[in-house]
Structure formats: structure tokens, C-alpha cells
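**Student:** Okay, handing you the structure first.
The values are calculated or read from the model by the stated rules, or taken from the named source; none is laboratory data. Since this is a predicted model, take the numbers as computed values, not measurements. Here Cβ is always computed from backbone atoms with ideal geometry, including for glycine, and neighbour counts include all displayed protein chains.
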């Protein structure tokens, strides 16, 4: 999320993202951290809704959209990347839902509309963190998460 000197949300999120990238070696963990960074920025906006500017909202939604565009593009362009077609389809559908919700928020900003974006990012991040943990320990999960957008 591009930061301006007067935007503490963007500055904090940017510093967190830089640190996460330097200290994360697993792709799933990195994706989870980026999703959590976006969820945190959206949650911070909700918490300080009274002081919200359109620029802060647009920046946060743009950052979230960029993440989901990466997942969308990867699912679309890499059909043979050891990812079942139903998982690819779920990623594409979820990304489309997120894009539509962001347009709704930009058109008519309402605090509670951010809830679903925050929730989705956190849930997907939890699945990715579990996947990263399993990769580290060498254990496989017998029930795969349908919406896991791994770009690896």
C-alpha cells in the first residue's frame, strides 16, 4: 500500500510488509501475511471511520485488490500448477466477489461493508498459515481448503 507521510495506516502497513517479506521464506506464509496486512488496514479504517478520507479508503482497497489480482491472475494463467480445477474456480469466484464488493464500497462507503473483506482475508490467511505449517513439518492435511490461493 503506497504510503504518504501523513497516512499512519499506510506507513505502518508498509513497514510491516517490508519486514514480513524479509523474514518469510515460505510462499504460503508470505501470502498469508500480505492478506493479514490488508485485513489490518481495513480493520483500522473501520475503527477510525469518523476520520476516514476517500484517499485512505481508496488506497486500502487498491492494495487489497492488487493482492486478489495476483491470486486471480495466477489461478487463470497457471492451470497445470498442481492445483485442482475446482480450487482454481473457487479462487476466481472469490476474487470476482471481492472486486465487486470493493466497487460497492467505493460507490457508497459504509463501515459494515468492509466486514466481509476483512473476514475473507483472515480466513484465507489462516488456511495459508496452516499450509505453511504443514509444509514446514512435512505433514499433509487430509481435507484441503477449497479457497486457498497459493501462487506457488
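**Student:** Could you figure out which of (1) modelled with pLDDT under 95; (2) closer than 18 Å to residue 125 by Cβ; (3) in contact with a helix residue (DSSP H, G or I) (Cβ under 6 Å, 6 or more places away or on another chain) isn't true of residue 25?
**Tutor:** Checking residue 25 against (1) modelled with pLDDT under 95; (2) closer than 18 Å to residue 125 by Cβ; (3) in contact with a helix residue (DSSP H, G or I) (Cβ under 6 Å, 6 or more places away or on another chain), the one that fails is (3).
**Student:** When the range 85-131 is examined, which residues are found to be more than 16 Å from the chain's Cα centre (by Cα), touching a residue at least 60 places away in the same chain (Cβ under 8 Å) and farther than 24 Å from residue 47 by Cβ?
**Tutor:** 86, 87
**Student:** Separate question: Name every residue in the range 35-53 that is without any contact (Cβ under 8 Å) to a residue 12 or more places away in the chain and assigned to a helix (DSSP H, G or I), in order of residue number. Before the answer, list the steps.
**Tutor:** Step one: of the range 35-53, the residues without any contact (Cβ under 8 Å) to a residue 12 or more places away in the chain are 47-48, 50-51, 53.
Across the range 35-53, the qualifying residues are 47, 50, 51.
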